[in-house]
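The values are calculated or read from the model by the stated rules, or taken from the named source; none is laboratory data. Keep in mind that this is a model prediction, so the values were computed, not measured. When we count neighbours, we look across all protein chains shown, and the Cβ atoms used for this are built from the backbone with ideal geometry, even at glycine.
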Amino acid sequence: MKINSIHHIAIICSDYEKSKQFYVDILGFSIIEETFRTSRNSYKLDLQVGSHDRIELFSFPHPPQRVSNPEACGLRHLAFEVDNVEETIIHLQSKGVDVERVRVDEITGKRFTFFKDPDGLPLEIYER
């Protein structure tokens, strides 16, 4: 068996329009396709991240809250590679996004920081 790559990452949001605006207008991901699934009363928004990666943003009526603090077992966060951490922080803050202080990875020496999406999902920016 050989796994070639990650095909997509799925995110379930509580407020579709707010999350769509965050991922498209603030993070700059482009829309591949937007579908409303009547049978599920749910949107599926396919987003292009960089040149090869994809996020599927889903809305469902009344999704349960995500356990985040204290951190639960399972997927911790999503990390996005950026060319310049400071420029990215300035952009995020100009859009009203709170960003944690910059830290340095003790193993790689690279700079990184965290911020959250509208549902509190931890997102990381990690310098190339």
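Could you say which residue among R66, R76, R54 is at pLDDT below 90, of a type outside the set (G, A, S) and touching a Leu at 6+ places or on another chain (Cβ under 7 Å)?
Numbers: R76 fails: touching a Leu at 6+ places or on another chain (Cβ under 7 Å); R54 fails: at pLDDT below 90.
When all the criteria are applied, what remains is R66.
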Close pairs (6 angstrom Cβ cut-off, 6 or more residues apart or separate chains): part of a loop (DSSP other than H, G, I, E, B) in segment 76-103, surrounded by fewer than 13 Cβ atoms within 10 Å (Cβ to Cβ) and not β-branched (V, I, T) anywhere: D83/R128
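For segment 17-67, list the strands (runs of 3 or more DSSP E) that sit wholly inside it and hold at least 2 residues that are in contact (Cβ under 8 Å) with a residue 24 or more places away in the chain and surrounded by 12 or more Cβ atoms within 10 Å (Cβ to Cβ); which are they?
Working: elements: 30-37, 42-49, 53-59.
In segment 17-67, the matching strands (runs of 3 or more DSSP E) lie at 42-49, 53-59.
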